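Undergrad: Starting off with a structure, shown below.
The values are calculated or read from the model by the stated rules, or taken from the named source; none is laboratory data. Note that the structure is predicted; figures quoted are calculated from it, not measured. Remember, those area values only see protein heavy atoms, side chains included, never the ligands or the DNA or RNA. Shrake-Rupley method; radii C 1.70, N 1.55, O 1.52, S 1.80 Å.
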Amino acid sequence: MSGGEVAGILVAVFWAILVSFLAVVLVRLAQTLKATTKLVADVTEQAVPLLADASTAVRSAQTQLDRVDAIASDVQEVTSNASALSTTVASTFGGPLVKVAAFGYGVRRAIGRKTGPAEPPRTVIVGRTLPSARRSKRKG
C-alpha cells in the first residue's frame, strides 16, 4: 500500500466518523423539535381557556368599575348638597347664635363681678389656658 492509499483510507474513515456524528446530531435535533412541537401544542390547549377566563374577569371588572363610578358621582353630588346646606345653616343661624352667645357671656360676667371676686385674666396659647401669674413668668 502506498502513502496515497493510506491517506485516502484515513480521509474516508474521518469522513465516515463526521457523517455519523452529523447523523446523531440531526436525530437529536429532530427529537428536540418534536418535543418542542408537543410542548407548544399543550401550552396552546391550556392558554385558550385561560384567555377566556381572563376576558371574563376583565369584563366583570369593567362592570364593577362602572358601578363604582356611578356611586362616586352620587357621593360627589351628596357632598355638594351637604356643603351647600352647611353654608346655608351657618349663614342663617351663625350670626344670631354668635350674638346670643356673646350676650350670654357678657351677662354672666356682669353678674359674676357683682357677686364674687374677679377671676384673674387668662391667656390662651394653642388650646391651653394659662393664668396671668404664669404668663408674666413666661414673658420675663
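Undergrad: Rounded to the nearest percent, how much of the accessible area of the range 7-83 (1.4 Å probe, protein heavy atoms only) is carbon and sulfur?
TA: Carbon plus sulfur share of accessible area: 72 percent.
Undergrad: I've got another one for you. Over all alpha-carbon pairs of the range 1-103, lay out the pair-distance distribution in 10 Å bins, whole %, shortest bin first.
TA: Result, from short to long distances: 11, 12, 11, 11, 10, 9, 8, 7, 7, 5, 4, 3, 2, 0 percent.
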